[in-house]
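Computed from the coordinates by the stated procedures, all read-outs in this text should not be read as laboratory data. All of these numbers come straight from a predicted model, not from anything done at the bench. Note that we place each Cβ from the backbone using ideal geometry, even for glycine, and neighbour counts take in every protein chain shown.
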Amino acid sequence: MGELVYGSELSKELRAEMKLTVDQYRQKGMRIPCLAVILVGDNPASLSYVRGKEKAVASIGMESRFFHLPEDASQEDVEKVIAQCNEDDTIDAVLLQLPLPAGLDETHALNTIDPDKDADGLHVINVGRLYSGQKGFVPCTPAGIMELLKKMNCSISGKRAVVIGRSRLVGAPVARLLQDAGATVTVCHSKTQNLRDICKEADILVAAIGRPNFIDSSYVKEGAYVIDVGINRLDNGKLVGDVLTEDVLPHVTAITPVPKGVGPMTICMLVRNTLYAYEERQS
Ligand code: NAP
């Protein structure tokens, strides 16, 4: 039987370490790190994500500042708030909660964030840094996935990895991180033929599809490490991942559950990126 590896537990350990660091800064009389969170509109899911992020930041003694714009805010309104955060020396990192309401240009807005305050690592300069092996901000969900694989004691180098999904938020950057760590990586998507056969060869399988319980044991190699990124709400209100956990669990070495798997690690990596931004700015 495989091991269920909980991001909720790992994130607690990592946040406790980061809290010690922040406490030391406070004891030395230094300013504490601060994350600005920008939300446009009142999407209930986004509001709940934003609250979770603010809570995580507060839990380690950091500051957060919330900028809430109305649903009908213009591109200029959003970018004005971003510019204000960029110029404010007491703000270390800026998060623009996605998705933006229809009609707004996400990519343009993300690229107006100061790349050295880019908490989500989605600015084109940080994407470039990631793909050229330079130090920078790594998107939070992929960074969390790498921490989970470490927790699973999965030595990545030399392994076959399959990532299902090629989004800029998850699939593409995690594929790059796995490749940098020495895996041979295949990226699959909605046009991929013979998906099951490809997945069956994976020592490491990352499912970032957004389809409830899509991956069952027929897709999984015996002894694989499986990361379930998907968050899907069923009609009965239950949250499930992209992987049918109970079917897959007996066949794997380790797997992350949904909920309490990748989700808490994403928030934890946002906190880590904020601390990183602060430390880079201090130095
Ligand atoms: P996305 O932008 O919608 O990307 C989904 C990817 O899955 C696309 O590349 C798509 O292929 C591929 N896909 C869709 N149907 C497929 C199929 N039948 N076979 C193979 N590939 C298929 O979503 P995302 O932002 O990457 O997120 C993916 C999932 O992770 C969602 O459930 C999201 O809620 C969840 N998520 C969780 C966290 C977390 O913290 N836990 C963070 C971010 C996202 P094409 O490119 O060809 O369309």
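Computed over the Cα atoms of the stretch 29-115, pair by distinct pair, the Kirkwood hydrodynamic radius stands at 13.3 angstrom.
Taken along the Cα-to-beta-carbon direction at a fixed 7 Å, the label points for residue 217 and residue 17 span 3.5 nm. The alpha-carbon of residue 221 sits under 19 angstrom from the alpha-carbons of these lysines, leaving out residues fewer than 8 places away in its chain: 159, 200. Close amide-amide hydrogen proximity is noted between residue 260 and no other residue 5 or more places distant or on a separate chain, at a cut-off under 5 Å (H modeled in the peptide plane; Pro and chain starts excluded). Between residue 64 and 35, the built amide H atoms are under 5 Å apart, and every one of these is 5 or more places off in sequence or on another chain. For residue 55, a cut-off of 26 angstrom between C-alpha atoms picks up these lysines, skipping any fewer than 8 places away in its own chain: 12, 19, 28, 80, 117, 150, 151, 238, 260. The length gained on full extension between residue 43 and residue 88, counted as 0.36 nm times the residue separation minus their Cα-Cα distance, comes to 13.5 nm. Taking the three principal axes of the alpha carbon atoms in the stretch 140-263, the coordinate ranges are 41, 30, 29 Å, sorted in descending order. Taking the average, over residues, of other Cβ atoms within 10 Å as the packing measure, peptides 202-208, 135-141, 190-196, 94-100 rank 202-208, 135-141, 94-100, 190-196 from highest down.
The antiparallel fraction among DSSP beta bridges confined to the chain stands at about 5%.
Taking amide hydrogens as placed 1.01 Å from N in the peptide plane, the amide H of residue 188 sits under 5 Å from those of 163, 164, 165, each at least 5 positions away in sequence or on another chain.
The helix-only estimate of mean residue ellipticity at 222 nm for the chain, built from DSSP H runs of length n ≥ 4 each weighted as -39500 (n - 2.57), is -12500 deg cm²/dmol after division by the residue total. Along its three principal directions, the equivalent ellipsoid of the chain from the Cα gyration tensor extends over semi-axes of 32, 21, 18 Å, largest first. Spatial offset of the stretch 173-251 relative to the stretch 115-165 amounts to 17 Å, using the alpha carbon center of each. Please name whichever of 140, 152, 223 sits farthest to the positive end of the charge dipole of the stretch 140-263, dipole taken about the Cα centre and charges placed at Cβ: Lys and Arg +1, Asp and Glu -1. Positive-end residue among those listed: 140.
The stretch between residue 232 and residue 160 holds 23.2 nm of extra length on full extension. This uses 0.36 nm per residue minus the Cα-Cα distance.
The length gained by stretching the chain between residue 179 and residue 28 to full extension, at 0.36 nm per residue less their Cα-Cα distance, is 50.4 nm. Each Lys and Arg adds +1 at its Cβ and each Asp and Glu adds -1 at its Cβ; summed about the Cα centre, the chain shows a dipole of about 720 debye.
On the basis of the beta-carbon distance and an R0 of 45 Å, residue 124 and residue 1 show a calculated FRET efficiency of 0.55.
The order of the peptides 259-269, 5-15, 172-182 by mean Cβ neighbours within 10 Å, most packed first, is 259-269, 172-182, 5-15.
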